[in-house]
1. Could you check Gln370 against (1) of a type in the set (S, T, N, Q); (2) at pLDDT 95 or above; (3) part of a loop (DSSP other than H, G, I, E, B); (4) in contact with a strand residue (DSSP E or B) (Cβ under 7 Å, 6 or more places away or on another chain) and say which number it fails?
2. Residues that are in a loop (DSSP other than H, G, I, E, B) and out of contact with any strand residue (DSSP E or B) (no Cβ under 8 Å at 6 or more places or on another chain): does segment 212-228 have at least one?
3. Name the residue, out of Ile241, Ile247, Ile230, that is of a type in the set (A, V, I, L, M), touching a Cys at 6+ places or on another chain (Cβ under 6 Å) and modelled with pLDDT of 95 or more.
4. Looking at (1) closer than 22 Å to Ala446 by Cα; (2) of a type in the set (Asp, Glu); (3) in contact with a Lys or Arg (Cβ under 7 Å, 6 or more places away or on another chain), which one does Glu120 not meet, given that it meets all the others?
5. Scanning for something within 17 Å of Ala317 (Cβ to Cβ), in contact (Cβ under 8 Å) with a residue 40 or more places away in the chain and of a type in the set (Lys, Arg), does segment 449-457 turn up at least one residue?
6. Residues of segment 177-210 being closer than 21 Å to Pro32 by Cα, among the basic types (Lys, Arg) and in contact with a helix residue (DSSP H, G or I) (Cβ under 9 Å, 6 or more places away or on another chain), which ones?
7. I need a count of the residues in segment 24-50 that are of a type in the set (S, T, N, Q) and free of Cβ contacts under 8 Å to residues at least 60 places away in the same chain.
8. Answer yes if at least one residue in segment 454-462 is in a loop (DSSP other than H, G, I, E, B), at pLDDT 95 or above and touching a strand residue (DSSP E or B) at 6+ places or on another chain (Cβ under 7 Å), and no otherwise.
Amino acid sequence: MRRIFESLCICVCASILFAGHSLADWPRFRGPNGTGIAMGKAPTEWSPNRNLRWKVPLPGPGVSSPIIVNGRVFVTCYSGYGESRENIGRMEDLQRHLLCVDLKSGELLWQRDVPSTVPEDPYTGPGIPTHGYASHTPASDGRYVYVFFGKSGVMAFDMDGNQKWRTSVGTDSDPRRWGSSSSPIVYEDVVIVTAGPESRAMVGLDKRTGEELWRAPADAFGMVWGTPAIVQTEQGADVVIGAPYEIWALNPRTGKLTWYCGAMETDQFSSSVVVDGQRVYAIEGRGGGSIALTAGGQDDITQSNVLWSGRDSSRFATPIVYENRLYYFNNGVVTCLNAENGQRLFQGRLRDAGSSAEEPSTAAPERGNQRGGGGRGFGGRGGFGGGGMVSDFASPVLADGKIYYVNRSGVTFVLEAGAEFHQIAANRVTEEAEQFAATPAISDGALVMRSNKHLYCIAEDQ
């Protein structure tokens, strides 16, 4: 009964949060409130010659994810500088692009080109060449589309591509100049932007005018690349985000810190938290660790609200929580945990066509207390960490009880969202050499994904 009640609460909260557009839309990074869970179905098998509704060339690369609103697909990319190590170009020629494509036909409805504010972070080292200059997924309230282009600011466009406002949220850089990637979200009348590298702050903007409503500064935001989510508690709504050593919750109307929780011993946070009812889950890879907590309260809730913590590790991908199970992906392996206690249910290696599957493991790993923090920590802990980059960046999504996960080479694995490992398919949308680092979007029976060269729509053949 408790889970039924929580599911009803989620539906009610979703109707409040996304009243500006259809609940079947995919209006931000990982869809409704960042859960990664779509309404309706999506195809389970496809190829370049099957169930490919359309394919649209992009004017440049990017790792931002597409969104789908009111039957239109919105995606960003960039050109002119840093398109590849072989074609760096001039920084002065860097442009960002916002494209609007019809979901049914693939027709390009409009494209807006935005010259960049320079100087930008240079196209050198392990950071920028890995993800480029279009890494923030747009967000929409059904009336406007909001894009974040880092040092070039936050912009709002209407559904016809008319620019309504543009606001700078800072032009600084993170210590290693790796660039930023946190995506904006919309709550009521506020566009919330995690401008970590740009200004070491989370910023709330009036969605109608772009006017800054509040600013929450914290040095540790300079080491944050994840996207926040909204959690509803008895005290009201909180915007929650993972930060070095802690999970933070801020009032989305004022930016004031509501509560915080000691979390993993990691000096940076690249993945995003995921919300299920009043529970918040996070898994991080650098330093590692996993945590589940109940949202709500005031100040330090570490001792009172942590449900479990462990040593699970996932470098960039955000997990999926579905039917009281938590799924996460790392280095070609999927792991399923009991969301109640963090115990492992299974672990299996993903297999591409022609490869043999490894036997899944059901043994529970050793579990330890990973509660970091120790004190308020809002901007008070941590330094920037380096380390090697892994190749896969996309996060899993789910539709009709099936999980979809795309790796960097473009293989999309489809799994049953059950308590045992069962891979249904491994699909490729192209045989060309393209890189896929964005999370797919699902709406109206279609799955939309992007590479560094094309935007694809997969739907059942009619």
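1. If we test Gln370 against (1) of a type in the set (S, T, N, Q); (2) at pLDDT 95 or above; (3) part of a loop (DSSP other than H, G, I, E, B); (4) in contact with a strand residue (DSSP E or B) (Cβ under 7 Å, 6 or more places away or on another chain), just (2) comes out false.
2. Within segment 212-228 (the criterion being in a loop (DSSP other than H, G, I, E, B) and out of contact with any strand residue (DSSP E or B) (no Cβ under 8 Å at 6 or more places or on another chain)), the answer is no, since none of the residues qualifies.
3. After ruling out the rest, the residue left standing is Ile247.
4. It fails just one condition, (1).
5. Scanning segment 449-457 turns up at least one residue that is within 17 Å of Ala317 (Cβ to Cβ), in contact (Cβ under 8 Å) with a residue 40 or more places away in the chain and of a type in the set (Lys, Arg).
6. Selection gives nothing.
7. 1
8. Yes, segment 454-462 has at least one match.
The values are calculated or read from the model by the stated rules, or taken from the named source; none is laboratory data. Bear in mind the structure is a predicted one, so any value in this text is a computation, not a measurement. Counting neighbours? That spans all protein chains shown, and the Cβs are built from the backbone with ideal geometry, glycine included.
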